[in-house]
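Everything on this sheet refers to the single structure shown next.
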Amino acid sequence: MRVSVNWLKELVEFDFSPEALADALTMAGFEVEDIEDRQSWADGVVVGRVLAREPHPDAEKLSVCTVDIGAAENSTIVCGAANVGADMCVPVATVGSYLPKVDLKIKPRELRGVPSAGMICSLSELGLAKDSEGIYIFDEAGFDRGDIAAGQDVRPLLGLNDFVLDVTSTANRADALSMVGIAREIAAITGNPLKLPVSDTAAGQERQTKVGA
């Protein structure tokens, strides 16, 4: 099963690195087949706010976008997505960044005579979807509330500030085929308490019991 380190930390406290966590689970009888560093999928990708979108003068399916990426100057980015528009908040791979899921290094370039510095990304280009029909668009309300801002690292917003372990358990360890099961194992290793999630149903029953009492 695939184990999110961030999610695991919500269930039990530990200060293991992903590698040390894999070693601890291996010593407990599990097999860790892979450690997936999701942080690398979007290193250098930031929130951009599209200030203006104009049709490309020499390509019907391309748009020329002026994008605020939190830098001293706005960026001009040529985009081929049909769903791009002004006042959108989007993930932007900045010049110099590398997108490993599509094996693409972002460089300044010219597209049909128009300079372009950066790339507005879809979820598939960030490794979060197999296919994408267009670019990803952040909730505009988040920008209005100040939850997101131009130039902000997109990884915490997209759940990419995480490591994922591919863990295999033996046939006699069906108890470990869940996040809670793995967290219980880490709690036993570290001696730290397990913090089980409380379901809405359980919370409601507890309130009814107190009222009845």
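In the range 151-163, which residue that is in contact with a helix residue (DSSP H, G or I) (Cβ under 6 Å, 6 or more places away or on another chain) and aliphatic (A, V, I, L, M) is farthest from GLU31 (Cα to Cα)?
VAL154
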Checklist outcome for this item: Log entry, pairs with first residue in the range 155-167 being on the phi < 0 side of the Ramachandran plot, second being buried (at least 20 other Cβ atoms within 10 Å of the Cβ) and of a type in the set (Gly, Ala, Ser), beta carbons closer than 9 Å, six or more apart or on different chains, reads ARG155/ALA42; LEU158/ALA42; LEU160/ALA42; LEU165/ALA22; VAL167/ALA22; VAL167/ALA176
Checklist entry - Mind checking which pairs have a first residue in the range 120-143 that is under 15 Å from VAL47 (Cβ atoms) and a second that is in a helix (DSSP H, G or I) and of a type in the set (Phe, Trp, Tyr), Cβ under 7 Å, 6 or more apart or different chains? => result LEU126/TRP41
Item to check | Subset of the range 10-36 [closer than 16 Å to SER178 by Cβ and under 19 Å from the mean Cα position of the chain (by Cα)] | outcome: GLU10
Item to check | Count of the range 1-22 residues which are outside any loop (DSSP other than H, G, I, E, B) and touching a residue at least 24 places away in the same chain (Cβ under 8 Å) | outcome: 13
Next on the checklist: Taking the conditions exactly as written (modelled with pLDDT under 95, under 25 Å from the mean Cα position of the chain (by Cα), surrounded by fewer than 14 Cβ atoms within 10 Å (Cβ to Cβ) and more than 19 Å from GLY159 (Cα to Cα)), does ALA82 satisfy them or not?
Outcome noted: yes
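Of the residues ASP147, ASP166, ASP175, which single one is acidic (Asp, Glu), out of contact with any Lys or Arg (no Cβ under 9 Å at 6 or more places or on another chain) and farther than 16 Å from PHE16 by Cα?
After ruling out the rest, the residue left standing is ASP147.
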Next on the checklist: Among (1) touching a strand residue (DSSP E or B) at 6+ places or on another chain (Cβ under 6 Å); (2) surrounded by fewer than 16 Cβ atoms within 10 Å (Cβ to Cβ); (3) not small (Gly, Ala, Ser), there is one condition GLU110 misses while meeting the rest; what is its number?
Outcome noted: (1)
Checklist entry - Does the range 61-75 contain at least one residue that is in a loop (DSSP other than H, G, I, E, B), in contact (Cβ under 8 Å) with a residue 60 or more places away in the chain, over 30 Å from LEU177 (Cα atoms) and over 19 Å from the mean Cα position of the chain (by Cα)? => result yes
Checklist entry - Which condition breaks for SER178 when tested against (1) over 22 Å from the mean Cα position of the chain (by Cα); (2) under 23 Å from ASP34 (Cβ atoms)? => result (1)
Checklist entry - Just for the range 19-44: of the residues that are more than 22 Å from ARG173 (Cα to Cα) and in contact with a helix residue (DSSP H, G or I) (Cβ under 7 Å, 6 or more places away or on another chain), which one is surrounded by the most Cβ atoms within 10 Å (Cβ to Cβ)? => result ALA42
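Consider VAL90 carefully, then state whether it is out of contact with any helix residue (DSSP H, G or I) (no Cβ under 6 Å at 6 or more places or on another chain), open to solvent by less than 50 Å² (accessible area, probe 1.4 Å) and not in a loop (DSSP other than H, G, I, E, B).
Considered against the rule, which asks whether it is out of contact with any helix residue (DSSP H, G or I) (no Cβ under 6 Å at 6 or more places or on another chain), open to solvent by less than 50 Å² (accessible area, probe 1.4 Å) and not in a loop (DSSP other than H, G, I, E, B), VAL90 comes out as yes.
The values are calculated or read from the model by the stated rules, or taken from the named source; none is laboratory data. Treat the numbers as computed from the prediction; the structure is a model and nothing was measured. Because the Cβ atoms are built from the backbone with ideal geometry, glycine has one as well, and the counts that use them run over all protein chains shown. Heads up: the accessible areas ignore ligands, DNA and RNA and are worked out on the full protein's heavy atoms, side chains in. Shrake-Rupley method; radii C 1.70, N 1.55, O 1.52, S 1.80 Å.
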